[in-house]
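The values are calculated or read from the model by the stated rules, or taken from the named source; none is laboratory data. Predicted model only: the values in this text are computed from it and were never measured. With ideal geometry, Cβ positions are generated from the backbone for all residues, glycine too; neighbour counts draw on all protein chains shown. Surface accessibility is based on the protein's heavy atoms, side chains included, excluding ligands, DNA and RNA. Shrake-Rupley method; radii C 1.70, N 1.55, O 1.52, S 1.80 Å.
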Amino acid sequence: MRDPKDWDGTEQAVSRARGGRFRDELPGLLATARRVDGDRGEAWVAASAAVEILQWQDAFTEAADLAETLIRSDGPLGGELCDHGQTLVNALLHAEWRTGVPAQPRLAALADRVPEGRVLRRRIDDAVRRLETTPAAEDQNFWFNWGRDPQSPDGVIGSWVLEEDYASLPRDRKFTYWRVLHDISDFDRAERIRQETGELPDDFSVCLWLAGCHGLRGDLATGEELLLAAHARWWPFDTASALPTEPVANVHLRPLVTDRVREYYLTTPIGPEAKDRTQQS
C-alpha cells in the first residue's frame with residue numbers, strides 16, 4: 001500500500017474504518033461512492049470499502065447495486081477503477097448466493113463498459129465464464145480445497161518442510177508448513193499440530209481453511225474461534241480494502257459467523273490500524 005502520508009481523504013476514511021469505526025464511516029463512504037462529480041479515484045476507493053462493510057451488515061443487494069452502478073458509470077472512463085475492481089465483481093457473485101439475483105447477466109452486461117485488456121475487464125470475463133459451470137455460491141471455494149481427500153505432497157512447492165519436526169522450525173518455515181498442509185488438504189495433520197502446540201497458521205487464508213474444515217465436520221464452536229483468530233492475520237491488499245468478506249460471503253464459512261464474530265469484525269481494529277494501536281499502547 002502507499003505511504004499513509006500520501007493518502008487522500010477517502011483513503012483516510014477507509015483507514016479510520018479499519019480502526020474499528022466501520023459503521024461510523026459507512027455513510028460518508030457511500031456518499032463519496034454515489035456522487036456523480038469529483039475525483040473518480042476516490043469514488044472507486046469508497047465504493048470498494050463500502051461494499052465490504054455492507055456485506056458484513058448483510059446488505060448484499062445494496063452492495064451489488066453499488067458495484068454495478070459504479071462499473072457502469074466509470075468503466076468507460078478507463079480510470080483507476082479498471083486496474084482493480086475484484087471486490088466489486090465479487091459483490092455481484094455474493095449477491096446471487098445471498099439474494100438469488102443471477103450474477104452472470106449483470107456481469108455480462110458490464111463487460112462492454114470496461115475497455116479490453118484492463119484488469120477489471122479480465123476479471124469480469126473470467127467470472128462470466130466460471131458461472132457457466134459453477135454456481136456463484138461455490139465459485140470462490142476452489143482455493144480452500146474443502147472436502148477433498150488428502151493429496152500426495154509430491155511436486156508441491158515447499159513440501160520438503162513436512163519432513164522436518166514442526167516444533168523445531170523457525171516462523172517462516174512454519175508458515176510454509178501450514179501452507180503445504182492446506183495445498184494437500186491434510187486437515188488431520190493440521191489439526192494434530194494445532195492441538196499439540198496450540199499454534200495456528202500466520203496465513204489468514206489457511207486459518208479460514210481450518211475454520212471451514214471444522215464447520216464441514218459440524219464443529220461450529222471451533223470454527224467460530226478460528227474465524228476470530230483469523231482476524232489478527234488479515235492485511236488489506238490495497239488502501240481501498242476495509243474488511244475481508246470471505247467469512248460472510250462464503251457458503252462454508254457463513255454458518256460460523258455468529259453475532260459475536262460479526263460484532264468483533266465490525267468493531268475491532270484490523271490490519272495496519274490494529275498494528276498501529278498495539279504499537280501505541
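Looking across segment 97-118, the residues that are in a helix (DSSP H, G or I) and at pLDDT 95 or above come down to Ala103, Gln104, Pro105, Arg106, Leu107, Ala108, Ala109, Leu110, Ala111.
When Leu227, Leu256 are checked against the criterion of being under 13 Å from the mean Cα position of the chain (by Cα) and open to solvent by less than 10 Å² (accessible area, probe 1.4 Å), Leu227 stands alone in meeting it.
Considering only residues in segment 71-88 that are in a helix (DSSP H, G or I) and surrounded by fewer than 21 Cβ atoms within 10 Å (Cβ to Cβ), the one that is nearest to the chain's Cα centre (by Cα) turns out to be Gln86. For the structure I just gave you, tell me whether Leu181 is in a helix (DSSP H, G or I) and in contact with a Cys (Cβ under 6 Å, 6 or more places away or on another chain). It is false that Leu181 is in a helix (DSSP H, G or I) and in contact with a Cys (Cβ under 6 Å, 6 or more places away or on another chain). Of the residues making up segment 200-219, those that are of a type in the set (Lys, Arg) and open to solvent by less than 60 Å² (accessible area, probe 1.4 Å) number 0. The set of residues in segment 236-253 that are open to solvent by 30 Å² or more (accessible area, probe 1.4 Å) and closer than 20 Å to Ala50 by Cβ comprises Phe237, Glu246. Within segment 42-64, not a single residue is surrounded by 24 or more Cβ atoms within 10 Å (Cβ to Cβ) and not in a helix (DSSP H, G or I). Please state which one of Thr222, Thr197, Thr267 is closer than 30 Å to Gln12 by Cα and either of a type outside the set (Phe, Trp, Tyr) or open to solvent by 50 Å² or more (accessible area, probe 1.4 Å) (or both). Within the list Thr222, Thr197, Thr267, the selection yields Thr267. Going by the structure shown, is Val180 open to solvent by less than 20 Å² (accessible area, probe 1.4 Å), free of Cβ contacts under 8 Å to residues at least 60 places away in the same chain and within 22 Å of His252 (Cβ to Cβ)? Here the answer is yes, as Val180 does meet what is asked.
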